Each structure stands twice: as structure tokens, then as C-alpha cells.
Amino acid sequence: MNEVGIDGVEIRTGKLQLDLAETFAPAQGEDPGKYTKGLGLRASSLPDVYEDIVTMGANAAHRLMERKGVDLEDIGRIDVATESAFDKSKPVSTYVAGCLEQVFAGDLHHANKGERKFACVSGTQALDDAFNWIRAGRSRGRKALVIATDTALYERDDPGEATQGAGAVAMLIDEDPDVASFSTLQGYGSADETDFLKPNQQFPSVDGKRSMQVYLARMREALEDLETAGADTHPDNFALIPFHTPFPGMVKKAAVLGYRHCIRGTDIEAEIADEIGRQPRPEAFDDGEAYLDALKEYTDKLAETTQYAEWYERTVAPTLGISEHVGNWYTGSVHIARAAGLKAAAEDARDLTGQQMLVASYGSGAQAEIHAETIQPGWADEISQLSIDEQIQNRYDLSFEEYEQIHDVHNHDAETDLEPLTTPDGEFVFDGWGRMGERKYTYVE
């Protein structure tokens, strides 16, 4: 059977920028380093008045389909992953399909459409669904369109406000993919948690400290489950390791813990034993607290080793190059990380064809999934066509007063009449309300 995976990818960021160091930090009376160094974030992308999860998703899909030469009749299913949906019945994918039918010949009446929800991990779940649909022989030669799109807003003065972001990642899933093929091996870590949730509300309720603990615990479980499935997780097996990235600082915590797990009992642990000793084993301690203290001490030393630093700079650091400028895109975050890692590799002329990525996805509530992907021969050409650098550079730079106004525009409980800060050009826009309260969209030439 042919390989199945990501044949093409496109990214669409919100057209507004909130500079965290120059604009947000002074207004909050905070040290800019809290954001740039602590969180690892420089700016947030936010949507203009006429942008939302539909326009960003549809604009990403439109550009992707045009440059890949894909027609509507070639699409057999559309799955949208989001935790920013505005309707509890009608899926976002139907709105996206309606947009695409405005600019392509034909229609998408034959395409299966759905919406996936499990916080930030649902984009990866939608990829799994598309993979299974094709591998099951139900696609009839057609492609799947998977879109992860979110506007991640927090209440004003919430601790998570600086991690906000808005954007979409569109991916075509097909046989003989140009970017990456999927492995059948997956690992899961899942538990009933209330670290982050939105019970009938727009803005999340978050236990920040607990959320970080749950993120790390579920990632560990997923890694262990992946190994149980038969995967060899030696850290040198992977050219890139994209993590779900709510903010880069979280990834730094997860990466060293993952590295520690994967080197246990390997040549790497033996190589650095003279420098920092072997990893503590629980059977060597009389109580669990002493073991955990020793493990933390070992982890701190591990993070300072040359072996870890070189591994991190090669496999993880390149995946953070986009997120630090756009913030958290919820369902899209791990897919930004994949694209950023491949983009950095292409720019550095690294030949990754045939090498593996270990993709670590996570969604609060809570579930992690880790799986391997094999980089395909067409990856560099495909990734070189991304326009995300130009999009980031061309964003409108918000003043703090403008940020407050645009936040109100996208707050479902506020009524704010604000003129757009940018001018739409060759894109889908939100164009008002229909007779049943539905959102309406138009393509602006």
C-alpha cells in the first residue's frame, strides 16, 4: 500500500500584531523579559475585524489548493479542528466549504464534513481520521483537507493573556505525500482532567500550574505507550521533534524530560555518566520523595550537558521559529511547529529526506498523542512555498488602545463597532449576519 500523509501545508496568521515587549509589557507594568525570556514569546497574532476562524481557515485552504492544483472534486472530506467554534450544531467545515465554492468551479456537496474537538490535540486527531479513511480504501482516490484554526483569546488581565494568538494551518492528506508520511505506531496518554476548559463560555478557565503538570504527565504516558507499541525512541532517531507549543517556554520543560526518558539505558546515558552520573532508579531509594529530588537534580544537570544542548538545538529549537512571533494557535500549534522545523531545515540546506520526525501533540482535558512521521522527497520544495514570513512582517502593529478595542470586537459578550485596521485583498472576509444569526462570508478581490 502507498504511503499516506501530508501532501501540502499552508499557514494563515491573523493580520494584527501585539508586540509583547514594546507594547503589552509597559501597559501591564511588567518586565519585557517575563514574556520574551520566560514564555519565549515576542508577539501575538490577532484577527482584524473581518477575520475569524472561518476566514483564516478558508484563506489557508484556498492558497494551498491553488498552488497544489487541487479542484473541489478532488476533495473527499473536510475536517476542521478548533476550540473556538461559534455554533454548537453547524460545523466550521461547512462555512469553509461555502467559502471555497465561491472561488473554485463546482461544489463540495460530495465531501464528508466534520468538526473535531479535543482542545489542542484535535488537529492531530483529524489527521488520524484522514489517514484511516484513506488507508481503509474509502477515499476513492480523493484527498482529505484538514484545517486547524483558532482564535486563542483570554479574559483581560488573565495570566494567559500574553500567550494569545490567532491563525490557521491547512493540510492536504493524500497517498504518495510530498511532505511527510504517517506511521501506524502511535502512543497515547489520556486522563479526565480539568486543567483548562470552557464550560459554555468563550474564555477559558485555566489552572496554569496544574495545566503544565498535566501536559508533562500525559506526554510521558504517550511516550511510554509509543514504546509499548514497538517504537524505538532513541533521541538520535529523529531529525526534528515538534511539540504542541502553547508557548516556547513550555516546550523547553517538556524537551529535557523527554530526552531524559529516551536516553535511559542507552549509549548516551553511559557517555555522560562520568560527568553527571547515571539516572536515578526508584528501587535505589527508600521513599518516593527522595527519588524525585534526585531525579530533579539529575535533570537539571542533564540540561547543562553538551549532548543535550546539541540535541535540543538540532531537533527542537528550529520548531519554535514561528510560534514565538504568533503565540498560541491551540489546535494549530503543533502543526506550526512541524512547519517551522522543516522551514528552518530547508533554509539551512539540511537534507532530511527519509529521516523521521517525532510529533508530540497535546490537548487539555487531557490527552497527548506521539507518533513518528517520515520526511518525503518533496518536502523542501513544498515548505519553500510558505508565505508565513511575509505575513508576519506585514502585520499591522497595534497600539495598546487598539489592542483593547480589537479584543472587545472578538469578545462575544461585548458590542464594539470598530473600523478594520487593515484592508482586505484577495481573501475571504466576515461580512455580517444572516437571517438566522449565521455568519456570512464574501471573497474580496
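Condition check: farther than 22 Å from Val251 by Cα and of a type outside the set (D, E, K, R). Does Leu418 satisfy that? Considered against the rule, which asks whether it is farther than 22 Å from Val251 by Cα and of a type outside the set (D, E, K, R), Leu418 comes out as yes. Identify, please: which residue in segment 197-212 is without any contact (Cβ under 8 Å) to a residue 40 or more places away in the chain and polar (S, T, N, Q) and is, among those, surrounded by the fewest Cβ atoms within 10 Å (Cβ to Cβ)? Going through the qualifying residues, I end up with Asn200.
Just checking, does segment 112-127 include any residue being of a type in the set (Val, Ile, Thr), over 23 Å from Arg63 (Cβ atoms) and touching a residue at least 60 places away in the same chain (Cβ under 8 Å)? The answer is yes, given that some residue of segment 112-127 is of a type in the set (Val, Ile, Thr), over 23 Å from Arg63 (Cβ atoms) and touching a residue at least 60 places away in the same chain (Cβ under 8 Å). Under the condition of being in contact with a Leu (Cβ under 8 Å, 6 or more places away or on another chain) and within 10 Å of Ala162 (Cα to Cα), the residues counted in segment 20-35 number 3. Which of the residues spanning segment 254-291 are loosely packed, with under 15 Cβ neighbours inside 10 Å, closer than 24 Å to Gln356 by Cα and of a type in the set (Lys, Arg)? The answer is Arg264, and nothing else. Kindly establish whether Asn2 is in contact (Cβ under 8 Å) with a residue 12 or more places away in the chain and farther than 21 Å from Thr94 by Cβ. So Asn2 passes the test. Taking the criterion of being farther than 15 Å from Met250 by Cβ, at pLDDT below 95 and in contact with a Lys or Arg (Cβ under 7 Å, 6 or more places away or on another chain), the only residue of segment 184-204 that qualifies is Pro204. Of the helices (runs of 4 or more DSSP H) entirely within segment 8-104, those holding at least 2 residues that are crowded, with 23+ Cβ neighbours inside 10 Å occupy 53-68, 92-103. Residue pairs whose Cβ atoms lie under 8 Å apart, separated by 6 or more positions or on different chains, with the first residue in segment 29-52 and farther than 30 Å from Gly426 by Cβ and the second at pLDDT 95 or above and assigned to a loop (DSSP other than H, G, I, E, B), are Tyr35/Leu41; Tyr35/Arg42; Thr36/Arg42; Leu39/Phe247; Gly40/Phe247.
Restricted to helices (runs of 4 or more DSSP H) entirely inside segment 346-445, those with at least 2 residues that are over 20 Å from His335 (Cβ atoms) and out of contact with any Phe, Trp or Tyr (no Cβ under 9 Å at 6 or more places or on another chain) are 400-409.
The values are calculated or read from the model by the stated rules, or taken from the named source; none is laboratory data. All values derive from a computational prediction rather than experimental measurement. As a convention, Cβ positions derive from the backbone with ideal geometry for all residues, glycine included, and neighbour counts pool all protein chains shown.
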